[in-house]
1. So is Arg118 assigned to a helix (DSSP H, G or I), basic (Lys, Arg) and modelled with pLDDT under 90 or not?
2. Can you say whether Phe144 is modelled with pLDDT under 90, surrounded by fewer than 20 Cβ atoms within 10 Å (Cβ to Cβ) and more than 24 Å from the chain's Cα centre (by Cα), as far as the supplied structure shows?
3. Which condition does Gly276 not pass, out of (1) part of a helix (DSSP H, G or I); (2) surrounded by fewer than 10 Cβ atoms within 10 Å (Cβ to Cβ); (3) at pLDDT below 85, if it passes all the others?
4. Could you check the stretch 217-249 and list, in sequence order, the residues that are of a type outside the set (D, E, K, R), part of a helix (DSSP H, G or I) and in contact (Cβ under 8 Å) with a residue 24 or more places away in the chain?
5. Just checking, how many residues over the stretch 233-280 are at positive phi and out of contact with any helix residue (DSSP H, G or I) (no Cβ under 9 Å at 6 or more places or on another chain)?
6. Is it true that some residue in the stretch 219-226 is exposed (fewer than 15 other Cβ atoms within 10 Å of the Cβ) and of a type outside the set (Phe, Trp, Tyr)?
7. Take the residues in the stretch 70-93 that are more than 15 Å from Val162 (Cα to Cα) and loosely packed, with under 12 Cβ neighbours inside 10 Å, then tell me which one is modelled with the lowest pLDDT.
8. Identify, by number, the condition in (1) closer than 30 Å to Gln173 by Cα; (2) in the same structural domain as Thr223 (by TED's automatic domain parsing) that Gly262 doesn't meet.
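The values are calculated or read from the model by the stated rules, or taken from the named source; none is laboratory data. Nothing here was measured: the structure is a model prediction, and the numbers come from that model. As a convention, Cβ positions derive from the backbone with ideal geometry for all residues, glycine included, and neighbour counts pool all protein chains shown.
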Amino acid sequence: MGFVDTLTDPDFLVAVLAAVSAAAIVFTFGMQLTDKKDMDSRIKKVAIERERLRVEEISRLRGEDKNARRKAANSDTVKNIVERFSLKKAFADEDTAFKLAQAGYRSPSAITTLVFLRFVVPLGVTAIALFYFAFIITKDSPLFLSISYAIAAGIVSSYLPVVLLKNKIAKRQQAIRSSWSDALDLILLCVESGMSIEHAFKKVAIEISQQSPELGEELTLTTAELSFLDQRSKAYDNLAQRTGLDEVKAVMTALIQSDKYGTSVGSSLRVMAEEGRDMRMMEAEKKAASLPPKLTVPLILFFLPVLFIMIMSPALIGAFAIQAPT
């Protein structure tokens, strides 16, 4: 039986469709279990962060040193290496903590882990590249050439942790941005129904977690900060800094001004919600307007050649049939 006969065999087609269906079922149930585990881990992280905020606030009132407690939570080996070589001065700045928070890493050891990776990754890549170039690829070339290639690979790899962090921040911001308008509408409904801003954040955090776990996590942390911090403006400002989004900063600024001057929170949220819906519609129109230029290249490369073949094939077959000797 030939290959074409095998592909057109009904039994073979039924077996292939059954295998694809079984794989789709297994994949669907597996993704549900993965999402559940991810949700449980996020809920656990939020609970840990809330407890940390509570402990820090209590320690602040008691005058305890929280820096000592943060140092005790770090790994001893990594911490000793970072402190011995003063890696924080070389690889970290004032914005590093905010960038890690925007990526979702708020633990005290996050900065230590980042600077340790920025120190270790180039060394490891340089060593691996030197062995690879010296003994496998360019083993007949001079040694200094292999060393140069290895150093170049190490320099390039030094930016790998930063690139991965920026990629994580971009994905998290996109997930928050896609659900922020809906969350703002829900907060407005809760406030206009008579809820306080704390209960509104708490309620919306529970509801929006199914759509965007990242935004639900941030709102839950803001609820905890509204309960423990001495000023609401700090909680609002922390949310704006953790997200790094202009639309979130605008809403938090409006809430800070409403809390400072005693204006209506519902009115401010209503105006911001309308602006958010308008911006969302403009973004959708912008994406729709950019589709024709993006479809031009795939249309030329994939659709037009097939169309020309389908149109010209009958004529070519007829021409060759006429020219063929009878």
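1. Values: assigned to a helix (DSSP H, G or I): yes; basic (Lys, Arg): yes; modelled with pLDDT under 90: yes.
Yes.
2. Judged against the criteria, Phe144 is a match.
3. That leaves (2) as the condition not met.
4. Residues satisfying the conditions are Leu219, Thr220, Leu221, Thr223, Ala224, Leu226, Ser227, Phe228, Ser233, Gln241, Thr243, Val248.
5. 1
6. Within the stretch 219-226, not a single residue is exposed (fewer than 15 other Cβ atoms within 10 Å of the Cβ) and of a type outside the set (Phe, Trp, Tyr).
7. This residue is Ala72.
8. (1)
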